[in-house]
Amino acid sequence: MIKYIAIKEKDKFRIVNDRLFREELARLPGGRYEIVIRKKRRMKSQPQLGYYYSCVLPHFHRAAIDAGWEFANIEELDNYLKSMFASKDIINKHTAEILTIPGLKRDMTTTEMMLFVDAIKEYALEFLNYRIPDPEQQTEIFGEDLQSLK
């Protein structure tokens, strides 16, 4: 697959590394090809995923257990949270049937990941009476100061 970034300025598209792009196209064997153009989106960041896995999930897991939930492991909890806060409804326009499809973190943009985490934090505060700390906030986890873990 060939992927390049293009920038639209007024009525023209400018391809970044245009010469290399044209060379790659010239090397392709004869045949039919599909060209897809879509708006460039910033995908979720590694710090966002780090915060989610190292802070949000463990804190939510503890709050859920305290509230009586029994999640077997973090993966099961992650799947539950995706089904609750990242799922999308597909509606059949003929029958009005609604099909819920779980969202995938791998397809999330930075904004979508931020909204996903914020929804989890709001739910934890409202329904589990538990405040998940913000990123970069010094906190105690399970009775251990984070500074002592470094």
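If you go through segment 17-48 and pick out every residue that is closer than 19 Å to L104 by Cβ, assigned to a loop (DSSP other than H, G, I, E, B) and modelled with pLDDT of 90 or more, you end up with 0.
Assess whether D18 counts as being surrounded by 10 or more Cβ atoms within 10 Å (Cβ to Cβ), without any contact (Cβ under 8 Å) to a residue 40 or more places away in the chain, closer than 13 Å to F116 by Cβ and among the acidic types (D, E). Here the answer is no, as D18 does not meet what is asked.
The residue that is surrounded by the most Cβ atoms within 10 Å (Cβ to Cβ), counting only those in segment 75-95 that are at pLDDT 90 or above and among the β-branched types (V, I, T), is I91.
Yes/no matrix, rows are residues, columns are (1) exposed (fewer than 10 other Cβ atoms within 10 Å of the Cβ); (2) closer than 29 Å to I5 by Cα; (3) among the β-branched types (V, I, T); (4) in contact with a helix residue (DSSP H, G or I) (Cβ under 7 Å, 6 or more places away or on another chain):
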{"site": "Y53", "(1), (2), (3), (4)": "no, no, no, no"}
{"site": "F71", "(1), (2), (3), (4)": "no, no, no, yes"}
{"site": "G103", "(1), (2), (3), (4)": "no, yes, no, yes"}
{"site": "E122", "(1), (2), (3), (4)": "no, no, no, no"}
{"site": "L125", "(1), (2), (3), (4)": "no, no, no, no"}
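Checked against (1) basic (K, R); (2) without any contact (Cβ under 8 Å) to a residue 40 or more places away in the chain; (3) not in a strand (DSSP E or B), K8 passes all but a single condition, namely (3). Report whether or not I101 is over 27 Å from Q137 (Cα atoms) and under 17 Å from the mean Cα position of the chain (by Cα). Taking the combined requirement at face value, the residue satisfies it.
The values are calculated or read from the model by the stated rules, or taken from the named source; none is laboratory data. If you're wondering where the values come from, they're calculated on a predicted model, not measured in any experiment. Here the Cβ is made from the backbone with ideal geometry for all residues, glycine too, and neighbour counts use every protein chain on show.
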